[in-house]
Every structure is written in C-alpha cells, then in structure tokens.
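Let me begin by presenting the structure, written as structure tokens, before commenting on it.
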C-alpha cells in the first residue's frame, strides 16, 4: 500500500512551490494548467495539478474557485528516518530557506536527532533520524 502524500492548494504559487521542493528533495516535476484540464474555475495558465516524484512525493495546485488555500495548524509532515542523516540535514536546511526554524535539528535526550521547520509555504516538517544509521555522520552527529 502506498504511503499517503501531501497535496497543497496554493494561492497562485504552485509552480514556484514545485520548483522549490524539487531543489530541496530532488526528483522530477510534472504540471498541468487549468486550460489543459479544461477547467474554467481559475486562470487558464494556473496549475490545476502538479506533482513532484522522487525521494519525497508531493502534489500541488493553484486554488480554483471552489478550493480553499492551504493552511495548517497542529499538523506536521514527518520525515523521520526516511533517508540518510546527511540527506535529512540537507533537506532541513533547504526547507528553512525563506521559512522558519521552529526547533533546531539537534541531538535529543532520548538519543535521536530531530528538528522542526516551517517552510515558506507554511508546511511544518519534522525531520529526524536515529544515530548510528550513517557512519560518515559520526563526527557531525556528536555536535547535534
């Protein structure tokens, strides 16, 4: 069974968001306009459906007349142990660009490292990993 995927309705920034997330996570982007889908509830050149496929899959669209723009309270997207620690640290830094670090990515009393960041689109991410999962990170892990 495939894992759930994030789908964001954005206020006219879907193409920009797809490119941002592609630079953070890598992968390939596909996007389709309202005109391509023969939708008339938004601007013809707006994104009716866009997707990022790669290490992290997600979907975005610009809001149509019947859609509410994305907002979240009390919701986090967890990326815990889904990649090597070095990759997770890179993603954390990338998501923080233009966003806000809620809690630094650091070693916690229970022995794992994690942190939280709210990206420039308002998505809150929890990123973390268990120590000992990346031998090349032992030196930097001691600092986190």
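Over the Cα atoms, compute the radius of gyration (one decimal) and Dmax (the largest Cα-Cα distance, rounded to a whole number) for the stretch 47-98, in Å.
So, for the stretch 47-98, Rg and Dmax equal 14.0, 41 Å respectively.
Springs between alpha-carbon pairs under 10 angstrom, Gaussian network model over the chain: which of 68, 84, 38 fluctuates most?
In the Gaussian network model the winner is 38.
Among 124, 108, what is the fewest-to-most ranking by other Cβ atoms within 10 Å?
Ascending number of Cβ neighbours within 10 Å: 108, 124.
With 5 Å bins from zero, work out the P(r) of the stretch 1-91 over every alpha carbon pair and list the percent per bin.
Computed distribution, short to long bins: 3, 13, 22, 22, 19, 12, 6, 3, 1.
Give me the number: length gained by fully extending residue 103 to residue 28, i.e. 0.36 nm times residue separation minus the C-alpha to C-alpha distance, one decimal in nm.
24.1 nm
Ranking 21, 59 by Cβ neighbours within 10 Å, fewest first, what do you get?
Working: 21 25, 59 17.
With the sparsest Cβ surroundings first, the list reads 59, 21.
Any read-out appearing in this document is the output of simple, stated calculations on the displayed coordinates, not a laboratory observation. Model, not experiment: these values are computed from the prediction. Using ideal geometry, Cβ is built from the backbone for each residue, glycine included, and neighbour counts are taken over all protein chains shown.
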